[in-house]
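Input: a single structure, listed below in structure tokens.
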Amino acid sequence: RLYHGEEALIGRDSRQVQILVKNHAVSRKHCGIKFDEKEQCYYICDYSTNGTVVSGQGEVAKNQWVRVERDSLIQLGNEESSFLLM
């Protein structure tokens with residue numbers, strides 16, 4: 001669960017992230033996610049080498065926070081690692 005304004009980091013290095021993904025295509029610190037309680041949406045920032053893709057929106061720009069609607073499918077690096085923002 002994410003609380004308003006709190007950033008959760010996703011990646012494969014347990015020393016740097018809160019959400020661990022074991023996949024060689026996922027960077028040690030792959031991306032960050034925040035939830036905006038007022039707007040009821042998420043924001044994603046890509047820190048990776050192999051990219052982060054939002055279904056219907058395309059690839060997330062590097063080091064920039066991008067608005068993402070709820071129920072969006074997120075892919076990290078390749079099709080093997082994906083999750084749904086609810």
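The values are calculated or read from the model by the stated rules, or taken from the named source; none is laboratory data. Please read all numbers here as calculations on a predicted model, not as lab measurements. Glycine also receives a Cβ, built like all others from the backbone with ideal geometry; neighbour counts cover every protein chain displayed. Ligands, DNA and RNA are excluded from the accessible area calculation, which covers all protein heavy atoms including side chains. Shrake-Rupley method; radii C 1.70, N 1.55, O 1.52, S 1.80 Å.
Restricting the count to DSSP beta bridges whose residues both fall in segment 4-86, what percent are antiparallel, rounded to a multiple of 5?
90 percent
Summarise the accessible area of the chain (1.4 Å probe, protein heavy atoms) by the percent that is carbon and sulfur. Don't jump to the answer; show the numbers that get you there.
Numbers: 2330 of 5300 Å².
Its accessible area is 44 percent carbon and sulfur atoms.
Starting from 0 in steps of 5 Å, tell me what percent of the Cα-Cα pairs of the chain lands in each bin.
3, 17, 28, 28, 18, 5, 1, 0
Would you list which aspartates and glutamates come within 18 Å of Lys62, measuring only between C-alpha atoms, while excluding same-chain residues fewer than 8 positions from it?
In chain and number order, the partners are Glu7, Asp46.
Residue by residue through segment 51-57, which ³J(HN,Hα) values in whole Hz follow from phi under the Karplus form 6.51 cos²θ - 1.76 cosθ + 1.60 (θ = phi - 60°), with glycine and proline marked x?
x, 10, 10, 9, 4, x, 10
With a cut-off of at most 10 other beta carbons within 10 Å, and DSSP calling the residue loop, which trypsin sites (Lys or Arg not before Pro) in the chain qualify? Please list them.
On the way: sites: Arg1, Arg12, Arg15, Lys22, Arg28, Lys29, Lys34, Lys38, Lys62, Arg67, Arg70; in loops: Arg1, Arg12, Arg15, Lys22, Arg28, Lys29, Lys38, Arg70.
Hits after loop and neighbour filter: Arg1, Arg15, Lys22, Lys38.
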